[in-house]
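Read through the structure below, which is laid out as structure tokens, and then see the notes.
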Amino acid sequence: PNEQVQPDPTKKTLVVLGTGWGSVGLLKNLDTENYNVIVVSPRNYFLFTPLLPSCTTGLIEHRSIMEPVRTILRHKKAAVKYYEAEASSVDPERKVVKIVDNADGKTKGAKTAETEIPYDMLVIGVGAENATFGIPGVRENSCFLKEIGDAQLIRKKIMDCVERASFKGQTQEEIDRLMNFVVVGGGPTGVEFAGELRDFFEEDIKKLIPEISHRFKVTLIEALPNVLPSFSKQLIEYTENTLREENIDIKLKTMVKRVTEGAVEAEVVKADGTKELLKVPYGLLVWATGNALRPVVRDLLGKIPAQKDSRRGLAVNEYLVVQGTRDIWAVGDCAVAGYAPTAQVASQEGTFLARLFNNMAKTDAHEGRIKELSSSLNLKQGNSAEVATEIESLEKQLRRIKDVKPFKYSHQGSLAYIGSEKAVADVPWFNGNFAAGGSLTFLFWRSAYLSMCFSSRNRVLVLLDWLKSKAFGRDVSRE
Ligand code: FAD
Ligand code: NAD
């Protein structure tokens, strides 16, 4: 037993899983005085994912895009409990979440701790895992690009490849392998990473290690006939042309089937429809083929009969309630609400739930007060005319509060960085669409993301990182 603040028995317990875009969108806007709020996440910080590709080359230092959850929660009206742990399963019958503090991975010698948390209301915002489609060799040989640790590993491995390629007497064949950086997946993650990598070599490695930089190559492999499938045709063309100008070798209609220690094996569909096998040696392989279900979500899907056909996540209704449940909501990449798995959607969903929950608390308070006043009327206590007017006004307010409109996503546009200080933007403009690509769009991209950073602290740090890299180049020391 420790001396932590005890939950208020008069309030419902709201458990929030995750500290990403969805959950933090909720926590930022939630009136925490209305509930006993408990947050569970293995990550004790919020991560501004749009700038994660820039961390792989050291253009931005990773701590500049992290915001500690403790700092976020400190500003809330009522205390919120946070447990650094992973939710391993949810029991919707008993209304408990099993949580595991896998301390072994963090503090040597510490034991794994496991416990249960009961909830009245549960919000699942655990995001997604990296999809590998069970392709052999992917997990063992590639780097992903989802978390801070991934970006740090990539940064280290890039310099590993460069330093090993520069080693005395290195064979030409080995230099070519080490200097081939292969990216699988031509979605925004793969394209942005390829662009950042090209900038790093052009702007820094060329100056620092000129003897090997001409051997540098980026190969971007995509199974579909084009990259960035969610962007407009004009921007897809612009992106592909820009990538080609940047000497990025784009291999379209090429599906990776197997990965071994030093090579990727893929099947290419040729113009005449025949298929060919291709072997691409690599020094570093970055796998960016989108999202897959997290185990806790898969486990829960199996426990709710109404979710038997859900494949991509927890199907939710227009109020983000998980279908087949009454007190579980889902937001972000783990929820299927009919929108793309993006930060924009997740954060709007989180904000919506905060409004909904703030409203629900008000409803409860109003209903309680109406009940109290009605019984005083029945007992003929006080001035009955005054009480009746108060009840009437409360009922009017209640009707207004209860009339919460369903969640509706408002698309603010898609933006992606494509290297050499160019970006593409698909932005809704009045009743049409505004599509732009180039250097001006790059400035728009930078200012948009700077303004979206979580805190002023993050904003200042990111700005300083950009200035620092411009003035002194990226830091290539390998930690
Ligand atoms: P996340 O933000 O991934 O958060 C999930 C949270 O759950 C994390 O805190 C995690 O630690 C926690 N968690 C995981 N497992 C458990 C568990 N078992 N129990 C409890 N907690 C758990 N989208 C855009 O709109 N614009 C962009 O520019 C953009 N750029 C991106 C760049 C990259 C490199 C990547 C990878 C994604 C990008 N996205 C972008 C997509 C965007 O990041 C995701 O759609 C968004 O993060 C989804 O939010 P979320 O809250 O569902 O999940
Ligand atoms: P994605 O799902 O958008 O793209 C993955 C790509 O990998 C697909 O085009 C798919 O065809 C390809 N692929 C799958 N298997 C393959 C194989 N075996 N061989 C070759 N190619 C294969 O994934 P992502 O880029 O990680 O993005 C995930 C989500 O995050 C998306 O919703 C995206 O919009 C969002 N995001 C947005 C931005 C941005 O707005 N700038 C940046 C990153 C991510």
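The values are calculated or read from the model by the stated rules, or taken from the named source; none is laboratory data. Keep in mind it's a predicted model, so treat the numbers as computed, not measured. Cβ coordinates were reconstructed from backbone atoms using ideal geometry, including for glycine residues, and neighbour counts include every protein chain displayed. Ligands, DNA and RNA are excluded from the accessible area calculation, which covers all protein heavy atoms including side chains. Shrake-Rupley method; radii C 1.70, N 1.55, O 1.52, S 1.80 Å.
Just a few scattered comments:
- Count - residues of the range 406-431 that are within 30 Å of Asn359 (Cβ to Cβ) and modelled with pLDDT of 90 or more: 8
- The residues of the range 336-378 that are open to solvent by less than 40 Å² (accessible area, probe 1.4 Å), part of a helix (DSSP H, G or I) and within 12 Å of ligand 1 (Cβ to nearest atom), listed by number, are Ala343, Val345, Ala346, Ser347, Glu349, Gly350, Leu353.
- When Val269 is tested against (1) in contact with a Lys or Arg (Cβ under 9 Å, 6 or more places away or on another chain); (2) farther than 29 Å from Ala340 by Cβ, only condition (2) is not met.
- Condition broken by Arg474, with the remaining ones in (1) charged (D, E, K, R); (2) within 16 Å of ligand 2 (Cβ to nearest atom); (3) part of a loop (DSSP other than H, G, I, E, B) satisfied: (2)
- No other residue among Ala87, Ala110, Ala79 is under 27 Å from Arg63 (Cα atoms), open to solvent by 70 Å² or more (accessible area, probe 1.4 Å), in contact with a helix residue (DSSP H, G or I) (Cβ under 9 Å, 6 or more places away or on another chain) and more than 16 Å from ligand 2 (Cβ to nearest atom) apart from Ala79.
- Considering the conditions (1) more than 18 Å from the chain's Cα centre (by Cα); (2) not in a loop (DSSP other than H, G, I, E, B), Phe46 is excluded by exactly one of them, (1).
- If you filter the range 120-145 down to residues that are touching an Asp or Glu at 6+ places or on another chain (Cβ under 8 Å), closer than 26 Å to Leu314 by Cβ and open to solvent by 10 Å² or more (accessible area, probe 1.4 Å), you find that the one that is nearest to ligand 1 (Cβ to nearest atom) is Gly127.
- Wholly within the range 164-218, helices (runs of 4 or more DSSP H) carrying at least 2 residues that are more than 16 Å from ligand 1 (Cβ to nearest atom) and open to solvent by 60 Å² or more (accessible area, probe 1.4 Å): 172-178, 210-213
- Subset of the range 294-323 (residues that are within 23 Å of Lys405 (Cβ to Cβ) and either assigned to a strand (DSSP E or B) or open to solvent by 30 Å² or more (accessible area, probe 1.4 Å) (or both)): Leu314, Ala315, Val316, Asn317, Glu318, Tyr319, Val321, Val322, Gln323
- Residues in the range 379-406 that are among the polar types (S, T, N, Q) and either open to solvent by 70 Å² or more (accessible area, probe 1.4 Å) or in contact with a His (Cβ under 8 Å, 6 or more places away or on another chain) (or both): Gln381, Asn383, Thr389, Gln397.
- Odd one out for Leu26, checked against (1) farther than 15 Å from Leu353 by Cβ; (2) more than 16 Å from ligand 2 (Cβ to nearest atom); (3) at pLDDT 95 or above: (1)
- Qualifying residue in the range 329-342 (condition: of a type in the set (S, T, N, Q), under 15 Å from the mean Cα position of the chain (by Cα) and modelled with pLDDT of 95 or more): yes
- Residues in the range 407-424 that are assigned to a strand (DSSP E or B), more than 11 Å from ligand 1 (Cβ to nearest atom) and open to solvent by 10 Å² or more (accessible area, probe 1.4 Å): Lys422 alone.
- Those residues of the range 324-335 which are open to solvent by 20 Å² or more (accessible area, probe 1.4 Å) and either in contact with a Cys (Cβ under 9 Å, 6 or more places away or on another chain) or under 30 Å from Phe193 (Cα atoms) (or both), in sequence order: Asp333
- When Phe434 is tested against (1) touching a residue at least 24 places away in the same chain (Cβ under 8 Å); (2) within 26 Å of the chain's Cα centre (by Cα); (3) away from ligand 1 (no atom under 16 Å from the Cβ), exactly one condition is not met: (1).
- Meets criteria (open to solvent by less than 10 Å² (accessible area, probe 1.4 Å), in contact with a helix residue (DSSP H, G or I) (Cβ under 9 Å, 6 or more places away or on another chain), within 16 Å of ligand 2 (Cβ to nearest atom) and more than 25 Å from Lys156 (Cα to Cα)) for Thr242: yes
- When Ile250 is tested against the conditions (1) closer than 30 Å to Tyr339 by Cα; (2) not in a strand (DSSP E or B), the lone failure is (2).
- Restricting attention to the range 163-186, the residues that are touching a Ser or Thr at 6+ places or on another chain (Cβ under 7 Å) and over 16 Å from Glu261 (Cα atoms) add up to 1.
- Every condition in (1) crowded, with 21+ Cβ neighbours inside 10 Å; (2) within 15 Å of ligand 1 (Cβ to nearest atom); (3) in a strand (DSSP E or B) is met by Ser23 except one, and the failing one is (3).
- Residue match in the range 212-220 (condition: in contact with a helix residue (DSSP H, G or I) (Cβ under 8 Å, 6 or more places away or on another chain), among the aliphatic types (A, V, I, L, M) and under 20 Å from Ala343 (Cβ atoms)): no
- Residues located in the range 263-293, provided they are small (Gly, Ala, Ser), assigned to a strand (DSSP E or B) and either more than 12 Å from ligand 2 (Cβ to nearest atom) or buried (at least 20 other Cβ atoms within 10 Å of the Cβ) (or both): Ala263, Ala266
- The number of residues in the range 219-236 that are open to solvent by less than 40 Å² (accessible area, probe 1.4 Å), without any contact (Cβ under 8 Å) to a residue 60 or more places away in the chain and in a loop (DSSP other than H, G, I, E, B) comes to 2.
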